[in-house]
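> Encoded as structure tokens, here's the structure I'll be asking about.
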Amino acid sequence: MTSADPIFEVKDVTLRFGGVTSLNNVSLIQERGEILSVIGPNGAGKTSLFNCLTGVYLPQEGSITFHPSQTKEIKIVGRAPHRVAQAGVARTFQTSRMFNALTTFENVKIGVEAHQKTGPIGAMLKLPRTRHEEKFSDQRSHELLEYVDLTHRTNTLADSLPYGDRRRLEIARALGTDPKVLLLDEPAAGTNPSEKLALAELISRINTELGISILLIEHDMKLVMSLAQRLIVLNFGGVIAEGTPQEIQESPLVIEAYLGASDEATQ
Amino acid sequence: MSTESTVPKKRYWSLNGDDVRRICTAIVGGLVLAIMTGPEGAISDPTYGVKTSLLTRHVVGYFIFGVVLGCLLTYRAKVKDGTWRRVRTTRRRTLSELVTAFSSTWRYVLLAVTTFLVALIALIFADFSGPVTRNKMSMHVLEHQFLYTRTYGYLVLAVALWLVVVNQAMQLTSFRLRSLPRPVLGLGAVLAILLFSLTSDPFLPARFSWRALDPHASNSLFHHWTTYLWLILGLAVTITWLLRRDPITGAKPARRSRALVVTPEMRFLTYVAAGFIVFEAPKYLSLYWQISLYQQIGVFCLLAIGLNIVVGFAGLLDLGYVAFYALGAYVTAYFSGALPLQPPFHLNPFFIIPFAIIIAMLSGVLLGLPTLRLRGDYLAIVTLGFGEIVYVLANDWTQVTYGSAGTGAITNFNVHLLGINYVWNPVNPLSYYYLMIGILIPAIFLFDFLNHSKVGRTWAAIREDEVAAQSLGINALKYKVMAFAMGASTAGVAGVFTAVKVGHLFPNTFVLQLSITILVLVIFGGMGSIVGVLFGAIVLQWLPSYLNFHSYFGYQQADLYLYIGALLVVMMIFRPQGLVPSRRRRREIRDSEEGLGSADALGAITQDQPS
């Protein structure tokens, strides 16, 4: 399992909570520019894997290496979540986590500003750099809202957005941090079919136009099969299969894992 | 959209039209202030006063102060609360355009009449603010009005005001009087209560009573009918502002966008009114209220806006805030040589301020770094402990602090620089008051800028959802410590001001109760809103002083906290967001009432880690 240009290298990661093993010897490689999807029944450890990749959880064993560029590499394990994010890993959450009392625009702007250098002194005195950065973040936030097609919601409060819009806002906010890789945790959960279609189109646009690698957790098999170039199937904390959508659909192990758990695999 | 930044490179120090206008306004403002404070003229040479005013040394200080103030006042934030105003939505018609819309005869009549009236008003106002022994309102005095240099200053101010008012009036062509909205009625009621309570106050000079407008009797503020002009002007503008319509379409402004339609004239008028209240009105108060204005209100305003950063902006509950206040005060005592522990060098109180800021800030950082990883209640307990530690040290470590016996005498503020010698005498509270204003106003503006900047938004994000904020690369700990340190340093400055004015420090000033009081000011006024917090501090600090003397309804000082507690309970039931809430806070409270989000008492969320 070697690759010329990986963006994520996960090696033998094991994560335990007391006696429960959430991830067991998980290894995977994501190529640069790839849409890789992680699927698996409920409780398989998908979100735990995401939390390990973003530094929220500290796995007991194994290593996670992130390559922001071909030459650089960063060890994720032991890094604080905000430093992982600064390195270029952006994510969305399973249950969307907006800054509810802020407007859509402010939400995106906070994402853009997170990497700016302005400190409290500059902010108080409105030094030239602060103003310059403010101008940039305003412009960039508008661009991002346009990109995810939320311009009509610019001044709406985040918590009064419909579900589909929230998902897109979360993606826009994550894109504001200028990430190298985007981790999407069930972006289509709770959206209606037409929203799902728009979301799939948005994700593939982000991948092709912006060249951002995408790691996707999703239960909707139609969406996953149409988007992902490669799939990894988790069950009981371990990788049970890996391959193209075609291969996965035919894999007996996967069918077995899904039987009884949900009907989706039979579709 | 491209992934690269597409903002064109701009030179950092290039000035645009707005900047130039701002600088010019500031310079004019400084000159006006300088002339207004200058000496009198002489019969033989009416302009003597202006000349000397501009040549004497003390005017330089006023000029610099005016320029700085003008710079701050005319600074307009483009982005308020994240709502981006890209272009001005309605085109403002200029004054000349409007005047040319009249027929020429009417135009001249209007100009002549208004100019005459304005000049007269300015002259009379200048007269009343002149030496108190003068025989007010006689033509003789008016004739010689130009001997007073401040007359020129008032004339400039009056003309500026006149321009604003005429412009405002012209724009309201489709003005129609409807039933008065509730805010106007509320404002009127508050004003009436304020005026009547002030006039019945025995602490004010005896002449300060509600009599006919006898020009010979009084130098009191409410005896000058010009004061009523100010009030009527303010009320008229408020009403027209609330009832205003679009000059072209006659449409009412959308309620949502109300905050954005504040015209530059409105802003200017608000500043003028506030400036009048802040700078002119205190001169007419009695000594008791002048002392209260500094010691009870000014210092607590500073403390409240400092704590507002911690509690309101960053959403951290700090119950030991008074510790930093005490640190600032004891640092002052130390560098004045008022403690048993002698300093290596004695310092002028002005130079102690930076030391107090640094020491309070450092202690804030040291306390914050380990404790700010905690959330909500735990943080409150740790800060509570810190407050007690500082109090016990001040009380019991007698070798360093003299303990409960109190410190020695602390030096007053004084200036001995370039031939200027001035000592702030504690007997004259107004001198301290103006010094306090000189710190408070810049602080208010700086903190407001901070709240509407990246840092303020980041604090809001951390308050809303710390995990999501971290996922964007925000170092939550760093920002929390930053808020803590900034709040602490503000308290340090307030400590210096208190120590210098009071002269002797006693540890029992810095008890837990004081921390709670400051927190109450913040919560009562409206967490996260600087205007609200100032309002809370002014009301809650003024009211006890007032009630205390009158003993209304059998009020006794010991009962104060009983009433404040009751007030808080009532507030939390009926208006949990505070008297003048910040826009963000208002949303949070509304959301949680509708079952969305989770605004608790402090806005700090208590979501658990993702699983």
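The values are calculated or read from the model by the stated rules, or taken from the named source; none is laboratory data. Note that this is a predicted model, so its numbers are computed, not measured. Note that each Cβ is placed from the backbone with ideal geometry, even for glycine, and that neighbours are counted across all protein chains shown.
> Are any of the residues in the stretch B:479-488 basic (K, R) and closer than 21 Å to B:G312 by Cα?
So far as the stretch B:479-488 goes, yes, one or more of its residues are basic (K, R) and closer than 21 Å to B:G312 by Cα.
> Can I ask one more? Among the listed residues B:S545, B:S582, B:S551, identify the single one that is at pLDDT below 80 and either in contact with a Lys or Arg (Cβ under 9 Å, 6 or more places away or on another chain) or exposed (fewer than 13 other Cβ atoms within 10 Å of the Cβ) (or both).
None of the others qualify; the one that does is B:S551.
> Out of the stretch A:85-115, which residues are facing another protein chain (nearest Cβ under 8 Å), under 16 Å from the mean Cα position of the chain (by Cα) and among the hydrophobic types (A, V, I, L, M, F, W, C)?
A:A85, A:A90, A:F93, A:M98
> Another question about this same structure. Give A:R83, A:R79 a once-over and let me know the one that is surrounded by fewer than 21 Cβ atoms within 10 Å (Cβ to Cβ), modelled with pLDDT of 85 or more, part of a loop (DSSP other than H, G, I, E, B) and of a type outside the set (A, V, I, L, M, F, W, C).
The match here is A:R79.
> Could you tell me whether A:A44 is of a type in the set (A, V, I, L, M, F, W, C) and more than 16 Å from the chain's Cα centre (by Cα)?
Judged against the criteria, A:A44 is a match.
Table: residues versus (1) under 28 Å from the mean Cα position of the chain (by Cα); (2) over 30 Å from B:I538 (Cβ atoms); (3) modelled with pLDDT of 85 or more.
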residue	(1), (2), (3)
B:S404	no, yes, no
B:A409	no, yes, no
B:L417	no, yes, no
B:M436	yes, no, yes
B:F449	yes, no, yes
B:V467	no, yes, yes
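> Out of curiosity, is A:S69 touching an Asp or Glu at 6+ places or on another chain (Cβ under 8 Å), more than 7 Å from every other protein chain (Cβ to nearest Cβ) and not aromatic (F, W, Y)?
Against the criterion (touching an Asp or Glu at 6+ places or on another chain (Cβ under 8 Å), more than 7 Å from every other protein chain (Cβ to nearest Cβ) and not aromatic (F, W, Y)), A:S69 does not qualify.
> Here are some conditions: (1) in a helix (DSSP H, G or I); (2) surrounded by 24 or more Cβ atoms within 10 Å (Cβ to Cβ). A:I121 meets all but one. Which one does it not meet?
For A:I121, the failing item is (2).
Matching residues to (1) more than 7 Å from chain B (Cβ to nearest Cβ); (2) in contact (Cβ under 8 Å) with a residue 12 or more places away in the chain; (3) hydrophobic (A, V, I, L, M, F, W, C); (4) touching a helix residue (DSSP H, G or I) at 6+ places or on another chain (Cβ under 6 Å):
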site: A:S137; (1), (2), (3), (4): yes, yes, no, yes
site: A:R140; (1), (2), (3), (4): yes, yes, no, yes
site: A:E143; (1), (2), (3), (4): no, no, no, no
site: A:N155; (1), (2), (3), (4): no, yes, no, no
site: A:R167; (1), (2), (3), (4): yes, yes, no, no
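> Consider A:R129 carefully, then state whether it is assigned to a helix (DSSP H, G or I), touching a Ser or Thr at 6+ places or on another chain (Cβ under 7 Å) and either facing another protein chain (nearest Cβ under 7 Å) or over 29 Å from A:S48 (Cβ atoms) (or both).
yes
> Take the residues of the stretch A:1-27 that are of a type in the set (A, V, I, L, M, F, W, C) and surrounded by fewer than 22 Cβ atoms within 10 Å (Cβ to Cβ): which is modelled with the lowest pLDDT?
A:M1
> Now for a separate question. So if I check each of A:L36, A:L49, A:L23, which one is more than 7 Å from chain B (Cβ to nearest Cβ), in contact (Cβ under 8 Å) with a residue 60 or more places away in the chain and part of a helix (DSSP H, G or I)?
Answer to the selection: A:L49.
> Take residues that are modelled with pLDDT of 90 or more and surrounded by 18 or more Cβ atoms within 10 Å (Cβ to Cβ) and tell me which of the helices (runs of 4 or more DSSP H) falling wholly in the stretch A:154-267 contain 3 or more.
Passing ranges, in order: A:163-176, A:193-209.
> Here's something else I'd like to know. Just checking, which of B:V496, B:V481 is closer than 19 Å to B:A356 by Cα and touching a Ser or Thr at 6+ places or on another chain (Cβ under 8 Å)?
Within the list B:V496, B:V481, the selection yields B:V496.
> Is it the case that the stretch B:515-527 has a residue that's closer than 30 Å to A:E113 by Cα, crowded, with 24+ Cβ neighbours inside 10 Å, within 14 Å of another protein chain (Cβ to nearest Cβ) and in contact (Cβ under 8 Å) with a residue 40 or more places away in the chain?
Yes: the stretch B:515-527 contains one or more residues that are closer than 30 Å to A:E113 by Cα, crowded, with 24+ Cβ neighbours inside 10 Å, within 14 Å of another protein chain (Cβ to nearest Cβ) and in contact (Cβ under 8 Å) with a residue 40 or more places away in the chain.
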